[in-house]
Amino acid sequence: MTSVKKLNHARPEDQRARPNENPLRLAAVLLLAGFVLFVTMTLLHTGGPANNHRVIFAEYAASTNWNIVHLGQFAGVALLVAGLLALYVVLDLRDGPAAWAARLGAVSAAVALGLYGVLQAVDGVALKRAVDAWVNAPAAEAEARFASAETVRWIEWGARSYETFMLGSALVLLGIAIALSGRLPKVFGYLMGLSGLTYIVQSWVLGFEGFSETNTLAILAGYVLVLVWTVWLVVVAWRTKESAGATR
């Protein structure tokens, strides 16, 4: 009984010394689940030489899982952003540079989700309708239909460029907040920030080259880094919960 009272009357600064284990575990699970769902759906996406529009548009038109893949991608990003916002709440930073970095990171994450919704409206709906119209158009209309599909594709490049920039910014800012606050291992914040930089690189490349080989390399680097720190966060959250349970 005495030990329970002591735990309940712990000093406020001691209670803020580490994140509460239950919300931390929720944030970790959301982040990992969102990342895994997104990557899984992306692997199911119709592939091919993405910058060779005549070839890839024909592949897109023949796709039978287009709608479910893009809906799944959106759900994955939504879970990922929910995890980032949950992590922001867990950090519970009130003032100082770390708090401002965390706030700006949370706002950037929310904006990124909105932009991803726009992206999926362009890619998941408009582009599919445009390529379908192209492959089914009579010869006299084919070139005009192809030009329309390319225009939609270039709008997709723009939407994806800004979305990846905002998501990358969110990861960098939240990584800075973690590194400055010490609420979680600083190396975790560094890895999170580094993964954000790969998304910012993607944003830059997309604006100039579209889905080029350079962009693919940046995507793969981002996937590896995000996988590392999300799995690590799950381990940290689990150990924190076990440690708190043993203390009680």
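The values are calculated or read from the model by the stated rules, or taken from the named source; none is laboratory data. Source: prediction; values computed, not measured. Virtual Cβ from ideal backbone geometry, glycine too; neighbours counted across all protein chains shown.
Annotations
- Selection within the range 137-167 - touching a residue at least 40 places away in the same chain (Cβ under 8 Å) and in contact with a Phe, Trp or Tyr (Cβ under 6 Å, 6 or more places away or on another chain): Phe146, Ala149, Glu163, Thr164, Leu167
- Tabulated pairs, the range 42-63, first free of Cβ contacts under 8 Å to residues at least 12 places away in the same chain and loosely packed, with under 15 Cβ neighbours inside 10 Å, second part of a helix (DSSP H, G or I) and small (Gly, Ala, Ser), C-beta under 9 angstrom, 6+ apart or interchain: Gly48/Ala58
Yes/no matrix, rows are residues, columns are (1) within 27 Å of Val89 (Cβ to Cβ); (2) in a helix (DSSP H, G or I); (3) not aromatic (Phe, Trp, Tyr):
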position	(1), (2), (3)
Val122	no, yes, yes
Ala137	no, no, yes
Arg153	no, yes, yes
Met166	yes, yes, yes
Val172	yes, yes, yes
Ala177	yes, yes, yes
Gly189	yes, yes, yes
Gln202	no, yes, yes
Phe208	no, yes, no
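- Residue count for the range 134-189 under the criterion of being crowded, with 18+ Cβ neighbours inside 10 Å and of a type in the set (D, E, K, R): the result is 6.
- In the condition set (1) over 16 Å from Leu84 (Cβ atoms); (2) modelled with pLDDT of 95 or more, Pro185 is compliant with all but (2).
- The requirement of being farther than 24 Å from Asp95 by Cα, assigned to a helix (DSSP H, G or I) and either among the charged types (D, E, K, R) or without any contact (Cβ under 8 Å) to a residue 12 or more places away in the chain (or both) is satisfied by Leu220.
- Within the range 45-60, being hydrophobic (A, V, I, L, M, F, W, C) and at pLDDT below 95 holds for one residue alone: Ala50.
- Conditions (1) farther than 18 Å from Ser108 by Cα; (2) crowded, with 18+ Cβ neighbours inside 10 Å: number failed by Ser195: (1)
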